[in-house]
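A short write-up of the structure that comes next.
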Amino acid sequence: MAMSIWEYANPKRFMDTTGRVLPWVAGAAALCLCVGVFWGFFLTPDDFRQGSTVRIIYLHVPAAMMAINAWVMMLVASLIWLIRRHHVSALAARAAAPVGLTFTLIALITGALWGQPMWGTWWAWDPRLTSFLILFLFYLGYIALWSAIEDADAAADLTSVLCLVGSVFALLSRYAVNFWNQGLHQGASLSLDKEENVADVFWYPLLVCITGFVLLFVALVLLRTRTEIRARRLQALLLRERMA
Amino acid sequence: MVELPTPFFVAWLQAYLGKYAAQVVGSYAFSLILIVAIVVFSVWRSRRVRRALAEAEERAGKAP
């Protein structure tokens with residue numbers, strides 16, 4: 001029998017399924033990250049222009065990709081909440097935000113550490129860097145808004161609207177280099193065009209690291225969504241206790 | 001003033017990564033610390049909430 005994705009809107013079904021899947025995803029994430037980071041750090045050569053700083057790519061690129069994709073995932077979950085009112089989707093969006101914030105911070109800091117020797121500056125008000133900083137601030141605002149509102153449904157409504165607005169900056173941070181052909185940040189390092197893509201010796205470990213970051217994101221979001229579902233039930237029980 | 005010997009691993013990293021060793025090691029250290037922090041915090045909160053829920057459900061089960 002074909003399963004519909006909407007069946008996972010049922011918290012019990014979500015908990016049953018994710019409880020079985022989570023250890024495997026977490027294990028695969030740990031394996032990919034260990035292999036990718038070890039491969040990238042110890043087994044790849046220096047770049048002829050960037051020297052050893054090319055090794056920062058194995059953290060910076062996957063973190064930056066997932067910083068944007070985490071917001072896109074939150075956008076989809078927020079739209080599902082706004083349209084279909086499935087609580088699990090609102091809680092999944094909430095669960096993803098601190099993970100996305102962490103990836104955004106990693107991308108910003110590793111980018112600055114790479115930029116200092118390569119560009120001669122830690123920071124520039126370049127379109128991509130600036131839109132990434134604004135995305136970081138949106139993550140902070142999103143997390144603060146969830147915590148500031150006591151009514152869970154009202155918080156989900158307002159944070160969903162904030163997520164829609166912030167999506168502009170998530171998209172800008174991805175395409176800023178193409179929109180404004182200026183600034184320090186170069187174009188995408190990854191491309192389907194073999195001429196534009198990074199050399200294979202860097203590409204394969206990078207691919208493993210990207211897979212590791214994707215799996216880490218999925219594992220953390222599943223774990224944190226399960227926690228949010230339990231926290232919601234706990235809140236209901238405590239409320240019932242107080243009223244008894 | 002006594003000059004302490006450079007630990008072997010640090011000396012090896014400096015030789016391996018050259019003049020950008022601080023930036024590369026800094027990037028890896030910062031990223032790994034943040035990743036470990038979000039994982040540890042998520043697992044810790046998950047366990048705390050699960051334990052509190054189990055206690056609340058037990059109390060609810062005993063309630064008349």
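Might you check whether a residue that is among the charged types (D, E, K, R), part of a helix (DSSP H, G or I) and within 14 Å of chain B (Cβ to nearest Cβ) occurs anywhere in the stretch A:93-100?
Within the stretch A:93-100, the first condition is being among the charged types (D, E, K, R), and the residues that meet it are A:94.
Adding the requirement that they be part of a helix (DSSP H, G or I) leaves A:94.
Next, from what is left, pick out any that are within 14 Å of chain B (Cβ to nearest Cβ): A:94.
For the stretch A:93-100, residues among the charged types (D, E, K, R), part of a helix (DSSP H, G or I) and within 14 Å of chain B (Cβ to nearest Cβ): present.
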| Would the stretch B:3-19 turn up any residue that is more than 7 Å from chain A (Cβ to nearest Cβ), among the charged types (D, E, K, R) and in a loop (DSSP other than H, G, I, E, B)? | yes
| Residues of the stretch A:197-243 that turn out to be more than 9 Å from every other protein chain (Cβ to nearest Cβ), under 20 Å from the mean Cα position of the chain (by Cα) and of a type in the set (V, I, T), as a count | 7
| Among residues of the stretch A:13-52, those that are surrounded by fewer than 16 Cβ atoms within 10 Å (Cβ to Cβ) and more than 14 Å from every other protein chain (Cβ to nearest Cβ), counted | 8
| said: What are the pairs with Cβ atoms under 7 angstrom where one residue, in the stretch A:118-144, is surrounded by 16 or more Cβ atoms within 10 Å (Cβ to Cβ) and the other, located anywhere, is aromatic (F, W, Y) and at pLDDT 95 or above? Sequence gap at least six, or different chains. | reply: A:L135/A:W71
| query | Could you give every pair whose Cβ atoms fall below 9 Å, whose first residue belongs to the stretch A:80-91 and is free of Cβ contacts under 8 Å to residues at least 40 places away in the same chain, and whose second residue is acidic (D, E), counting only separations of at least 6 or pairs across chains? | reply | A:R85/A:D153
| request: Look through A:A244, A:A231, A:A236 and report the one residue that is among the hydrophobic types (A, V, I, L, M, F, W, C), within 30 Å of B:L53 (Cβ to Cβ) and modelled with pLDDT under 90. | output: A:A244
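Evaluate the stretch A:53-69: report whether one residue or more is among the basic types (K, R), in contact (Cβ under 8 Å) with a residue 12 or more places away in the chain and within 10 Å of another protein chain (Cβ to nearest Cβ).
The initial filter retains those residues of the stretch A:53-69 that are among the basic types (K, R), namely A:55.
Going one step further and asking which of them are in contact (Cβ under 8 Å) with a residue 12 or more places away in the chain, we end up with A:55.
In the following step, the residues that additionally are within 10 Å of another protein chain (Cβ to nearest Cβ) were identified as A:55.
Within the stretch A:53-69 (the criterion being among the basic types (K, R), in contact (Cβ under 8 Å) with a residue 12 or more places away in the chain and within 10 Å of another protein chain (Cβ to nearest Cβ)), the answer is yes, since at least one residue qualifies.
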| task | Could you grab the pairs with beta carbons closer than 9 Å, sequence gap of 6+ or different chains, first residue in the stretch A:210-236 and touching a residue at least 12 places away in the same chain (Cβ under 8 Å), second one outside any helix (DSSP H, G or I)? | result | A:I210/A:L190
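A quick yes/no check of all residues on (1) within 7 Å of another protein chain (Cβ to nearest Cβ); (2) closer than 30 Å to A:E228 by Cβ; (3) of a type in the set (D, E, K, R):
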position	(1), (2), (3)
B:V24	yes, no, no
B:A29	no, no, no
B:F41	no, yes, no
B:G61	no, yes, no
| query | Which residue out of A:G19, A:G40, A:G27 is within 15 Å of A:E228 (Cα to Cα) and within 22 Å of the chain's Cα centre (by Cα)? | reply | A:G19
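Out of the residues in the stretch A:9-62 meeting the condition of being assigned to a helix (DSSP H, G or I) and in contact with a Pro (Cβ under 7 Å, 6 or more places away or on another chain), tell me which one is farthest from A:L105 (Cα to Cα).
Per the criteria, the residue is A:W39.
The values are calculated or read from the model by the stated rules, or taken from the named source; none is laboratory data. Just so you know, these numbers come straight off a predicted model, no measurement behind them. Neighbour counts are summed over all protein chains in view; Cβ atoms, including those assigned to glycine, are modelled from backbone coordinates with ideal geometry.
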